[in-house]
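Down below is the structure, laid out as structure tokens.
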There are 2 protein chains.
Amino acid sequence: MTKVALAIHGGAGTILRSTMTPELEREYRAGLEAALKTGWEILSAGGSALDAVEQTVCSLEDFPLFNAGRGSVFTHDGKNEMDASIMDGRTLDAGAIAFVRNVKHPIELARLVMEKTPHILLAAEGANQFAKEMGVEFVPDEYFLTEHRWQQLQDAIASGTVELDHAAIPASAGGSDRTTEYTESTEQERNPKSKIRNPKSLGTVGAVACDASGNLAAATSTGGMTNKKFGRVGDTALIGAGTYAENATCAVSCTGHGEFFMMGVTAYDVSARMKYRGIDLETAARQTIERLTDLGGEGGFIAVDTSGNVVLPFNSEGMYRGYKTKDESSVDIYRD
Amino acid sequence: MTKVALAIHGGAGTILRSTMTPELEREYRAGLEAALKTGWEILSAGGSALDAVEQTVCSLEDFPLFNAGRGSVFTHDGKNEMDASIMDGRTLDAGAIAFVRNVKHPIELARLVMEKTPHILLAAEGANQFAKEMGVEFVPDEYFLTEHRWQQLQDAIASGTVELDHAAIPASAGGSDRTTEYTESTEQERNPKSKIRNPKSLGTVGAVACDASGNLAAATSTGGMTNKKFGRVGDTALIGAGTYAENATCAVSCTGHGEFFMMGVTAYDVSARMKYRGIDLETAARQTIERLTDLGGEGGFIAVDTSGNVVLPFNSEGMYRGYKTKDESSVDIYRD
């Protein structure tokens, strides 16, 4: 049990203590703690890292305040489209799905892609058809938070100036301007409603674990971008960008402005630095966050190695996060 | 001009001299040479690596014997669905598309994603809608090779035992069995027609370049897998897996059994080895191919660095490939 470790995240971004209500903070902490408990029960009973990250992410997908599963944001046409990926550090096998609708636990479907098909990533109609053939649990549209319900929640918890947006995108550091929305921005000018800042708009959930056998696994799940169009696939569905696990190095799950994690191949970058530079997880993680910052990207990640070390670095104002080892346990939201 | 270099591929797999006809070999060589000429004219006129790889891949997309653009294979429902990606090593900006139909040059659309949207990867209906809004050139279904036409070509060039398949997948080296097709295999039992070995079934085309300014770029394009179902996305659409370019290291374009390139994050792995181990392109490329082989994957890649060094490694029987520098030029197909 000395090596056993579990870490989770529920998204990173502009999360400020000054704009959080005590009630909302309590809700977030409860959601993170419930997820940690789910995964830790599996790991402490000798279960696999793979099972632990899958079930931990299921718990996070059930929690309505994170942008994944039940709490997924709405696409331009008012639907929920979800992406998820999972990777087994023992075999390097992986599974992922993109644009899945009405599936209760997208991470379970990602695992089925890994175990039941010769493929790694299934997207769009094909992924939904696969979900039906696999018999996973489907839920009606009403299962997902409606805009109306979300606004109710906002009204209930916020003063008029509450700023919950943990997804504000900073100005790009250079190169192309990924902060300029293409048609979305045009649409926003026409439709003032879409200007409402959505506190879930770039959130993601994820889990990484080291089990008693020293096996690593990583899992990530998201409800995508609010009002997204054009079939944008982010880093969450992509092995190497948003998710990576390899027993020789580490397991990583990312959250933030996905395009920068794709350019930076961020999840794999942590592993590559450890293996090819021979440095430890903490040093590699710090260097990878520096690279992300240099690219102009905002966000963070969680990672574990086979010694049970845990890191939870980010360059944003905050990141919903938590971890548990044999001796320590913590749930945090803000930078300090 | 001393640094200027261009390399291309048209797919890797079981390509044996013993089963090739002189006519067909001549056709393949002509296709590769035409593509090299296209890119070299741009580079030698002082054009950018980005323009060179885009136009070189357009040339390969127009060539009917490679599985990309015009030569794309057919999905289960008899359509052509194409993936492509492009990356600018100067800025690390990138663009990619998946499941695009009736677009003449998918690589041009990938570049438009990079330059005209805040996203990197657009897939399925959204990508097709984006193509329409961008006004790219569309072609009717008849533009793509029909099965009938393909069979005609087969009959014309082959003896009864010709084995052109450059996509036979070897037994997996371990871990999960990615050689067992899920529903595809069931379908094949029901439909003997789909058992016909298609010489294009896992092919890809790609180009990498270093321009006179020392900027790198990489581009990859594919027509996907024959008879594919379930919306499988392969490595060609994925930055880090099938395509990567960074001026500090190298530009890489991969071809082969995509899932292994996704697990191995193969394109970025070459760059990471160079940067984090401080080794040269040739050594890094050899190590990355060894890793691919260890994972059980078959295929290869092309890569250039900013000194104009070129490598074209593969672990399969052959790879359609070519390169050109100020002093050298070569087009090759077989291992030896």
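With 5 Å bins from zero, work out the P(r) of segment A:1-105 over every alpha carbon pair and list the percent per bin. Here the calculated profile for segment A:1-105 is 2, 11, 18, 20, 19, 15, 9, 4, 1, 0.
Shielding by partners for B:92-99, please: the mean number of other protein chain Cβ atoms within 10 Å of each residue's Cβ. Write out the running numbers ahead of the final one.
Working: counts 12, 9, 4, 1, 2, 3, 6, 5.
What the average comes to for B:92-99 is 5.
Label separation (residue A:137 vs residue B:286): 5.3 nm, computed from points 7 Å beyond Cα along the C-beta direction.
May I ask you to derive the FRET efficiency for residue A:16 and residue B:23 from their Cβ-Cβ distance with R0 = 51 Å, giving the value to the nearest 0.05?
Details: r = 70 Å, r/R0 = 1.37.
The computed FRET efficiency comes out at 0.15.
Sorting B:66-72, B:13-19 by their mean Cβ neighbour count within 10 Å, with the most densely packed peptide first, gives B:66-72, B:13-19.
Chains B and A together bury some 4500 Å² of accessible area, summed over both sides, with a 1.4 Å probe.
What net charge is computed for the residues neighbouring residue A:247, neighbours being all others with C-beta under 15 Å from the C-beta of residue A:247, Lys and Arg scored +1, Asp and Glu -1?
Details: positive: A:3, A:90, A:275, B:291; negative: A:88, A:93, A:211, A:246, A:305, B:294.
With Lys, Arg at +1 and Asp, Glu at -1, the neighbours total -2.
Among B:203-209, A:28-34, sorting by the average number of other beta carbon atoms lying within 10 angstrom of each residue, highest first, gives B:203-209, A:28-34. What segment A:1-78 shows is 35 Å² of accessible area per residue, with the surface traced by a 1.4 Å probe over protein heavy atoms. Solvent-accessible surface, computed for protein heavy atoms with a probe of 1.4 Å, shrinks by 10 Å² or more for the following residues of segment B:107-131 when the other protein chains are added to the isolated chain: B:116, B:117, B:118, B:119, B:120, B:121, B:122, B:123, B:124, B:126, B:129, B:130.
Taking the label point 7 Å along Cα→Cβ, residue B:139 and its counterparts in the other copies are spaced 4.5 nm apart, in ascending order. Overall shape: prolate for segment A:81-128, with the ratio a/c of the largest to smallest alpha carbon gyration tensor axis at 1.5 or above and a/b above b/c. In units of the compact-protein estimate 2.2 N^0.38 Å, segment A:286-336 shows a Cα radius of gyration of 1.22.
Quick one: if the Förster radius is 41 Å, what FRET efficiency do residue B:79 and residue B:293 give, using the C-beta to C-beta distance and rounding to 0.05? Result of the calculation: an efficiency of 0.75. Note on residue A:2/residue B:326: beta-carbon distance plugged into 1/(1 + (r/R0)^6) with R0 of 60 Å gives a FRET efficiency of 0.55.
In nanometers and ordered shortest first, the copy-to-copy spacing of the residue B:277 label point, defined 7 Å from Cα toward Cβ, is 1.6.
Take residue A:37, push a point 7 Å out from Cα through the beta-carbon direction, and compare it with the same point in every other copy: 7.2 nm, smallest first. Counting Cα-Cα pairs of segment A:254-302 in 10 Å increments starting at 0 gives whole-percent bin shares of 30, 57, 13. Averaged over the residues of B:270-278, the number of partner chain Cβ atoms lying within 10 Å of the residue Cβ comes to 4.
The values are calculated or read from the model by the stated rules, or taken from the named source; none is laboratory data. What you see is a predicted model; the values in this text were computed from it and never measured. Quick reminder, even Gly has a Cβ in these numbers, built from the backbone with ideal geometry, and neighbours come from all protein chains shown. Note: accessible area is taken over every heavy atom of the protein model, side chains too, but ligands, DNA and RNA are not part of it. Shrake-Rupley method; radii C 1.70, N 1.55, O 1.52, S 1.80 Å.
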